[in-house]
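For reference, the structure discussed in these notes is given below.
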Amino acid sequence: MAVMMQAFYWDAPRAEQKEHEWWNFLAERVEELGRAGINALWLPPASKAASNTSMGYDPYDYFDLGDYDQKGGAKTWYGNRAELKALIDKAHSCFVGVYADMVINHNGGGDEEEVNPLNGEKHWTKFNPKSGRFPRDWNSFYPSRFARTTNEGESYGGYPHLCHSNSAVYTAMFDYARMLVEELGFDGFRFDFAKGYASWMISLLSKYRYEREGVMDFMPFVVAEIWSGDNDIGAWLDKANGVTDNQIAAFDFPLRYKLKAVCDSPSFDLRELTDGGTVVMKRPRNAATFVDNHDMGDDTIVNDKLMAYSFILVHEGYPCIFWYDYYNNGLARPGTPNGISALIEAHHKFAGGDSQILHADPDLYIMQRVGWSDDQTHQSGLIYVLNNLGNQWSGTVVQTRWQNQRFVPIAWDGHDAPHPDDRTTDAEGKSEFPAPPRGYCIYVPVANDANKDDLVAGKE
């Protein structure tokens, strides 16, 4: 499975002093990220929003990618269309995919207020974008003549919600998606606030046969933001995937909150990681796992965050790395076995096959990936140990799938984390596997004569 990165954080252009230059800034980093094992970048919303210094989650003109002088200027906060296309082309040359952030629930920055005759209320629903594409009035939003319901999902602040049942809205969404994929080269979509509208819109945009290199059969990667519990996410996925050939994924919010508790609440019972109340445990093929993102604000993980990253990068699912953690928090730690870079390497080389929990108690969690091999890929598997105790190394004897097998540690971190010792299983496949205090350790099977220093992840 690949690794994606959320290539922005809230107010990133201002914080990094790259206002209106974010696409160029990312282009300077993409080769480095590709070498580090990042397979795809999730970009912020690309269209002109209610302000040209907006993050883009209040879209105004979907077809202005930074070239029309409106809402405060020509460029978006990230740049213009040519710079975005150059970034995508460079990413592809580095074998890195690019995902577009799709905000199709609501709009912002309306040009005029108007009265909706269906409810007599006044709203900012008159849109006259300078691109000349997708002008809107009250009938483009709820309540609309095209729908009996007042809305098909949850409300988002005071913004007017698009009525996708209106044929003009529906057509504009397809035109927008086609522009992103077919003209700019985006490889997938992340759908923002997917709880705000009916899932069928995402399903249809997902199953459409996009044209790529003259062939009308390109299928984008699709992941939705359903900020809810695992049952709600599961029900949404069933409905969305029931009408598309493309398997849509969802971000695993339930797992994220469990991992926050692991990191920030030392008394958290690690057995709760095994109870099935997450997307990755119930349907790993549909899980996009993450640790933090741009929306978390004051609820970000504060302590021992690498414990969370170690978990998502050894388990199934599609892990997403947060730019702010990788760069600004300094958790990449390239050239060492003690950071995200080493975990990404372990993910690609060894984290294949089914996940099997070998031991779980309140303070110790041990899991094995059984390995995977086909004509193109060989991942030998691993043993993963997570230790919640704050004052001592901890481990226990577990029954693995490997008999008389030498294991070496390749990635680890914790409060006291010198180089862990090698381990060797007995004739029954048993051995003790420990991890540092408030930390983790990943062990991988190797030949008896292998030089362990050559296997340590992150070693340059």
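The values are calculated or read from the model by the stated rules, or taken from the named source; none is laboratory data. Worth saying up front: this structure is predicted, and the values here are computed from it rather than measured. Virtual Cβ from ideal backbone geometry, glycine too; neighbours counted across all protein chains shown. To get the accessible areas, we keep the full protein, side chains included, count just its heavy atoms, and leave off ligands, DNA and RNA. Shrake-Rupley method; radii C 1.70, N 1.55, O 1.52, S 1.80 Å.
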Please verify whether segment 58-66 includes one or more residues that are buried (at least 21 other Cβ atoms within 10 Å of the Cβ) and among the acidic types (D, E).
yes
Exactly one of G330, G395, G335 is open to solvent by 20 Å² or more (accessible area, probe 1.4 Å), closer than 25 Å to E28 by Cα, free of Cβ contacts under 8 Å to residues at least 60 places away in the same chain and not hydroxyl-bearing (S, T, Y), and that one is G330
Please state which one of K75, K90 is of a type in the set (D, E, K, R), out of contact with any Leu (no Cβ under 7 Å at 6 or more places or on another chain), open to solvent by 20 Å² or more (accessible area, probe 1.4 Å) and not in a helix (DSSP H, G or I).
K75
Can you list residue pairs whose Cβ atoms sit under 9 Å apart, with the first residue in segment 14-27 being within 12 Å of M55 (Cα to Cα) and the second being buried (at least 18 other Cβ atoms within 10 Å of the Cβ) and small (G, A, S)? Count only pairs 6 or more apart in sequence or on different chains.
H20/G66; H20/G79; W22/A7; W22/A12; W22/G79
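Condition check ((1) in contact (Cβ under 8 Å) with a residue 24 or more places away in the chain; (2) touching a strand residue (DSSP E or B) at 6+ places or on another chain (Cβ under 7 Å)) across all residues:
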| position | (1), (2) |
| --- | --- |
| G34 | yes, no |
| A46 | yes, yes |
| S51 | yes, no |
| D67 | no, no |
| H92 | yes, no |
| I104 | yes, yes |
Would you call Y210 within 19 Å of Y170 (Cα to Cα), hydroxyl-bearing (S, T, Y) and crowded, with 22+ Cβ neighbours inside 10 Å?
no
Restricting to segment 171-225, count the residues that are charged (D, E, K, R) and assigned to a helix (DSSP H, G or I).
6
Scan segment 112-137 for residues that are of a type outside the set (G, A, S), in a loop (DSSP other than H, G, I, E, B) and loosely packed, with under 15 Cβ neighbours inside 10 Å and jot them down.
P117, L118, N119, N128, R133
Please work out which residue is most open to solvent (accessible area, probe 1.4 Å), limiting yourself to segment 267-308 and to residues that are in a helix (DSSP H, G or I) and polar (S, T, N, Q).
T274
On the given criteria, is D264 surrounded by fewer than 19 Cβ atoms within 10 Å (Cβ to Cβ) and in contact with a helix residue (DSSP H, G or I) (Cβ under 6 Å, 6 or more places away or on another chain)?
no
Considering only residues that are outside any loop (DSSP other than H, G, I, E, B) and open to solvent by less than 50 Å² (accessible area, probe 1.4 Å), which ones fall in segment 151-170?
H161, L162, V169
Those residues of segment 243-261 that are charged (D, E, K, R), over 15 Å from I312 (Cβ atoms) and either open to solvent by less than 10 Å² (accessible area, probe 1.4 Å) or modelled with pLDDT of 95 or more (or both) come to a total of 0
If I filter segment 340-377 down to residues being among the small types (G, A, S), over 22 Å from the mean Cα position of the chain (by Cα) and open to solvent by 30 Å² or more (accessible area, probe 1.4 Å), which single residue comes out as farthest from Y309 (Cα to Cα)?
S373
Can you name every one of the strands (runs of 3 or more DSSP E) wholly within segment 1-66 that holds 3 or more residues which are modelled with pLDDT of 95 or more and closer than 28 Å to H348 by Cα?
4-6, 40-42
Could you tell me how many of the residues in segment 368-398 are in contact with a helix residue (DSSP H, G or I) (Cβ under 7 Å, 6 or more places away or on another chain) and over 17 Å from V408 (Cβ atoms)?
2
Search result, residues across segment 203-235 that are in contact (Cβ under 8 Å) with a residue 24 or more places away in the chain, hydrophobic (A, V, I, L, M, F, W, C) and more than 20 Å from A100 (Cβ to Cβ):
I233
Here the residues within segment 378-392 that are within 25 Å of the chain's Cα centre (by Cα) and open to solvent by 50 Å² or more (accessible area, probe 1.4 Å) are H378
Among the listed residues N404, N448, which satisfies the condition of being open to solvent by 10 Å² or more (accessible area, probe 1.4 Å), on the phi > 0 side of the Ramachandran plot and in contact (Cβ under 8 Å) with a residue 12 or more places away in the chain?
N404
The condition from (1) closer than 26 Å to K195 by Cα; (2) small (G, A, S); (3) touching a strand residue (DSSP E or B) at 6+ places or on another chain (Cβ under 6 Å) that G297 misses is numbered (3)
